Amino acid sequence: MLRIRRATKADADFIAQTYRPFVESHWASFEETAPGATEIAARIEAAGDFYPWLIAGDDEPLAFAYASAHRSRAAYSRSVETSVYTAPDARGKGISKQLYLALLSVLTDQNYIMAFAGIVVPNNASIGIHKAVGFEWVGTYPNVGFKLGAWRDTQWWGRPLAMPSTPPAKIRPVSDVFAVK
């Protein structure tokens, strides 16, 4: 069984190296400059105990996934944006799906209600993994970003994590729902 654990600042170099091609050579990320290990470590730290970063891999990391705030305004606080990225030699082996399902399980246990993912299209691989873990297409922002010499559309995909309650349940820290392994 694939080992899934919380990411730490020590994973920042792997994450930066895995993410770099998606920034520099693809439109999958709208970042224009690939963040280095120092910036990734800062992002992991800034996520704190409310937005999980996870690593999949036994001896060596193979993939990472994380959640972040969907929007900054308070009413959005029960929704998250999610992402998953896999190292080139680990693609096509089901690792992303296992890792994504683990992330979604943690988010559900934390009491988040909705997960969203923005997918710059075309990107059949990303659409495929999101469909495989239960996301559904919500809508498209046309011509929302200019990357690699062309205007790009972003599709938004959503996945319910839990039924909403009134009042909303308090968001639980990652450390309360996911043991450090």
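The values are calculated or read from the model by the stated rules, or taken from the named source; none is laboratory data. Here the structure is a predicted model, which means the values were calculated and not measured. Cβ: placed from backbone, ideal geometry, glycine included. Neighbour counts: every protein chain shown. Remember, those area values only see protein heavy atoms, side chains included, never the ligands or the DNA or RNA. Shrake-Rupley method; radii C 1.70, N 1.55, O 1.52, S 1.80 Å.
Ligands, DNA and RNA are left out, and with a 1.4 angstrom probe the accessible area of the chain is 53 Å² per residue.
Just to confirm a number: summing +1 for Lys and Arg and -1 for Asp and Glu over residues other than Ile44 whose beta-carbon lies under 14 angstrom from that of Ile44, what do you get?
Working: positive: Arg5, Arg6, Lys9, Arg43; negative: Asp11, Asp13, Glu39, Glu45, Asp49.
Here the charged neighbours net out to -1.
What dipole magnitude, in Debye to the nearest 20, does the chain give about its Cα centre under +1 on Lys/Arg Cβ and -1 on Asp/Glu Cβ?
Values: 19 positive and 17 negative charges, 102 e Å.
Dipole size: approximately 500 debye.
A Förster radius of 45 Å, combined with the Cβ-Cβ distance separating Asp89 from Thr140, puts the computed FRET efficiency at roughly 0.90. On the basis of the beta-carbon distance and an R0 of 30 Å, Met1 and Asn124 show a calculated FRET efficiency of 0.60.
One chain, two ends: Ala162 and Val177. Fully extended at 0.36 nm per residue, the span grows by 3.9 nm beyond their Cα-Cα distance.
Centroid-to-centroid, using Cα positions, the range 3-52 and the range 90-154 are 16 Å apart. Once the convex hull of the alpha carbons of the chain is built, what does its volume come to per residue, in cubic angstrom? Given the Cα convex hull of the chain, per-residue volume reads 120 Å³.
Can you compute the label reach from Ala132? Point 7 Å from Cα along the Cβ direction, backbone N cut-off under 18 Å, restricted to the range 80-96. Under 18 Å, as judged by backbone N against the label point of Ala132, lie 82-96 of the range 80-96. Summing charges over all other residues whose Cβ lies under 13 Å from the Cβ of Phe116, with Lys and Arg as +1 and Asp and Glu as -1, gives +1.
In whole percent, and with a 1.4 Å probe on the protein chains, what portion of the accessible area of the range 71-138 is carbon and sulfur? The partial results should precede the final answer.
Values: 1740 of 3340 Å².
The computed percentage sits at 52.
On full extension, the segment bounded by Ser72 and Glu45 gains 7.9 nm, given 0.36 nm per residue less the C-alpha separation. Here the contact order of the range 39-176, divided by its residue count and restricted to Cα pairs under 8 Å and six or more residues apart, works out to 23 percent.
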